[in-house]
Amino acid sequence: MCKSKSYTGIDCFRFIAALLIIAIHTSPLVSFNAMADFILTRVIARVAVPFFLMTSGFFLISRYTRNADRLITFIKNTALIYGAAILIYIPVNIYNGYFRMDNLVPNIIKDIVFDGTMYHLWYLPASAIGVVIAWYMVKKAGYKKALAVSVILYLIGMFGDSWYGIAEKVSVLKSFYGFVFQITDYTRNGIFFVPVFMILGGFIADNNYKFSFKKSMLGFFISFAFMFVEAMMLHHYKLQRHDSMYIFLLPCMFFLFNAVLHFRGKRYVWLRTSSLVIYIIHPMIIVAIRLFSKILHLQELLVENSIVHYIVVCLLSVIFGIAVTILWNKYKPGKPKHISGTDRTYLEINLDNLEHNVKVLRKAMMQNCELMAVVKTEAYGHGAFEISTHLNKMGVRAFAVATIDEGIKLRKYGIDGDILILGYTSIQRASELKKYDLTQTIGDYDYAKALNNQGIIVKVHIKIDTGMHRLGISADDFVEVKRIFSMRNIKVCGIFTHLCCSDSLEEDDVLFTRSQIDRFYGLIDVLEGSGITIPKLHIQSSYGLLNYPYLKCDYIRVGIALYGVLSSPNHKTELELDLRPVLSLKSKVVLIRSVKEGDSVGYGRNFIAERDSRIAILPVGYGDGYPRSLSMENSSIIINRQRVPVIGRICMDSLVVDITDAGEVSVGDTAILIGMDECGGLPAPDVAESYGSISNELLCRMGARMPVVTI
Ligand SMILES: *Cc1c(COP(=O)(O)O)cnc(C)c1O
């Protein structure tokens, strides 16, 4: 599937960037033309480091995060690489007389934290510090604010770098930078330089913000032209203290990165590793070539001719980089490769199918009507994090949950847009409603009064009872509804009702549903007539859309249909949409054994073998959500495209299947308990119906403890 396409462009450009960085440190054109060398190494090559930083940001910084695990792994790996690089360069440091400098200890600390113990190593501590700043800013304040702050940091850095000549003339600034330069040699570091590029990378990843290749290239060339002029001007007036930060470097990188993203296809992991090795090792190669040519009297050829020097450094660095990569891949310490989570029992969530369903549902909806994704109960067991972050990235901006804690969780995952709580929330938690910008459903008048009396302004949707007789103010009580609109601390953003038999096309049910709809619109008319500005309206859930698609309203609260299934098999609906199931429940055979005729299997000796049999044990049970009552219903599951019967009682953590007639089955084989395969599979509605339930209930159970794997 196209999903698995990798960012070939990023892999390849890393390599190019590594060669550009070698150029910065060797000045390839200097023996021919100083200006040309300036342009190559101080302007063009300045895209290299920001590119590395944006790549890290692209894969790491996301406002959608469940925890800081990935951040911690990144910092640990960077620290390990940095530690190794420091050790590798100690001989060069000794050779350069590093350890003979004054104030050795403070200087070592300063170098380790900011400047690097070798000139190029600043990058490693900088990316570790920068990533923490970027990560927390995006998490706490969102992209807009994080970007604003990081651009300010960048500008502060820039005036201590390329634009220092200007800052120097203002005495306050001069003393400020004087102070900064006591702590760090350059402002190009983890605080001023790194965060903005990391955040830009993350921003591009999260927003699917992609210009066409043409536009990206156009943007790149225009910004590059400006950057060129900027650099030439600064150079001409000798304003540069250092030359890595230009104002136009920011748009330049934004467009360049967008352009590079267009190259998708094969993954070149070896290019990634070798680019890193090249980056770290090339200064060593430079020293080695100098020593070597001194001994062999080849300086004229290998050092003094800058272009030959550059090519030789590149060649040796690349050879070294590839060699280390090969060795590393062969002998790298550690863990055997496995996709985390799939070793026992897991939910496989197909995000392509989710996207497909959203498209199909949106198409079926009336114009100006928005999809409100119902993601209560861990998104019907699919994993609220995986589902809602993906929907948000797709542009879904309205969500519904059942409880305030589900709503808070979504906010902590980074979801933006409206989040409506469909159920009851204690009025004592009004401040949390406000803090997390959640919208509360008002289900009765007294509740509205009590909530209003909390003195905290909260957004609400009023729920109208038109016949379900659950939560909801009666459609006849328009005086009460009207009063809620005038409550001081209650901001009514929506008004809705819920249909109780919209899934049925029986005549009585259709009549009842029509009466519900009429009562709702009747109330709206009265409210409008009495001068109230009508907020957002919504009526339908999944079946409401499928059977009554033409109602005029602002939202449709779609739950089960979003997950690509109906509640029961063979449900007839007015609209028949091509919905695709998102969830599969899969497990692994962990043990195969034989039982003799007459042996029993499982609790209660419920199953007695009628013949000598082969049985397989699967590590999945009702503790994972797979209903125990299925054991009484001759249920079956699929292993290697064959249905095999579940025998004995389903336990909390395991179940047993009879594989006597199933041919080849081995330990480690994957079993499908819910989900489709080439031969039809086991759709959730069928499994649910077989124990007398509906797919909504079956799926909700899955949120208990299983890992979610997205494909
Ligand atoms: C759960 C729920 C929905 C979603 O229903 P589906 O049938 O799954 O689409 C819609 N509205 C309310 C009020 C709900 O509680």
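Annotations for the structure displayed:
- For the range 319-333, backbone phi angles converted through the Karplus equation (6.51, -1.76, 1.60; θ = phi - 60°) give residue-by-residue couplings of 4, 4, x, 5, 4, 4, 4, 5, 4, 4, 5, 6, 10, 4, x Hz, Gly and Pro being listed as x.
- At 1.002 mPa s and 20 °C, Stokes diffusion of the range 436-509 via Kirkwood alpha-carbon radius, µm² per second: 163 µm²/s
- The orientation-averaged shadow of the Cα convex hull for the range 373-430, equal to a quarter of the hull surface, comes to 3.6 nm².
- Applying D = kT/(6 pi eta Rh) to the range 263-337, where Rh is the Kirkwood radius over alpha-carbon pairs, T corresponds to 4 °C and eta to 1.567 mPa s, the Stokes-Einstein value obtained is 93 µm²/s.
- Residue-wise HN-Hα couplings along the range 666-678, as the Karplus relation 6.51 cos²θ - 1.76 cosθ + 1.60 with θ = phi - 60° gives them from phi, are 10, 4, x, 5, 8, 10, 9, 9, 9, x, 9, 9, 4 Hz; Gly and Pro carry x.
- Of the peptides 550-559, 55-64, the order by per-residue mean of other Cβ atoms within 10 Å, starting with the highest, comes out as 55-64, 550-559.
- The order of ASP115, ASP518, going from fewest to most other C-beta atoms within 10 Å of their C-beta, is ASP518, ASP115.
- Each principal axis of the Cα cloud of the range 1-60 was evaluated for its coordinate range; sorted largest first, these ranges are 51, 19, 14 Å.
- All-pairs alpha carbon distance profile, the range 231-292, 10 Å steps from 0, percent: 16, 22, 34, 25, 3
- For the range 75-122 versus the range 232-311, the gap between their alpha-carbon centres in whole angstrom: 20 Å
- Radius of gyration (Cα atoms) of the range 440-557, expressed as a multiple of 2.2 N^0.38 Å: 1.06.
- Against the empirical curve 2.2 N^0.38 Å, the C-alpha radius of gyration of the chain lands at a ratio of 1.20.
- Rotationally averaged projected area of the range 253-402 (alpha carbon convex hull; nm²): 15.6 nm²
- Relative pair counts by distance (%), Cα atoms of the range 169-305, 5 Å bins: 2, 8, 10, 12, 15, 16, 14, 12, 8, 3, 1, 0
- Solvent-free Debye scattering, log10 I(q)/I(0), computed from the Cα coordinates of the range 316-436 at q = 0.11, 0.12, 0.13, 0.19 Å⁻¹: -0.57, -0.62, -0.68, -1.03
- Full extension of the segment from THR342 to ILE307, taken as 0.36 nm per residue of separation minus the current Cα-Cα distance, would add 7.4 nm.
- According to the Cα-based calculation, Rg over Rh for the range 299-378 is 1.41, with Rh computed by the Kirkwood formula.
- Computed FRET value (nearest 0.05) for ASN96 with VAL526, which takes r as the C-beta separation and R₀ as 60 Å: 0.10
- The shape of the range 111-178 can be summarised by an equivalent ellipsoid whose semi-axes, obtained from the alpha carbon gyration tensor, come to 24, 20, 8 Å from longest to shortest.
- Centre separation in Å (Cα based) which lies between the range 653-711 and the range 142-171: 56 Å
- The length gained on full extension between ALA288 and ASN208, counted as 0.36 nm times the residue separation minus their Cα-Cα distance, comes to 24.3 nm.
- Rg ratio (alpha-carbon, reference 2.2 N^0.38 Å) - the range 622-700: 1.06
- At q = 0.12, 0.21, 0.24 Å⁻¹ the log10 of I(q)/I(0) for the range 561-643 amounts to -0.55, -1.20, -1.42, computed by Debye summation with a single uniform scatterer per C-alpha, solvent ignored.
- 222 nm mean residue ellipticity, helices alone, for the chain (DSSP H n ≥ 4; -39,500 (n - 2.57); rounded to 500): -15000 deg cm²/dmol
- Principal axis box of the range 496-635, alpha-carbon based, largest edge first, Å: 79, 29, 29
- Ordering of 189-195, 659-665, 418-424 by packing [mean C-beta count within 10 Å, highest first]: 189-195, 418-424, 659-665
- Put simply, the Cα atoms of the range 57-196 extend 48, 42, 20 Å along their principal axes, the longest span coming first.
- Inter-part distance where the range 471-515 and the range 557-596 are each reduced to a Cα centre, Å: 32 Å
- Computed over the range 150-203, Cα set: Rg, Dmax in Å: 11.6, 37
- As a rough guide to protection, the peptides 124-131, 565-572 ranked by mean Cβ packing within 10 Å, highest first, stand as 124-131, 565-572.
- Listed residue pairs exceeding 20 Å between alpha carbons, taken from LYS412/LYS434; LYS363/LYS393; LYS376/LYS412; LYS393/LYS435: LYS393/LYS435
Where a number appears in this text, it was derived from the coordinates with a stated rule and is not lab data. Note that the structure is a prediction, hence the values are computed from the model and not measured. A quick note on method: Cβ atoms are made from the backbone with ideal geometry, for glycine too, and the neighbour counts reach across all protein chains shown.
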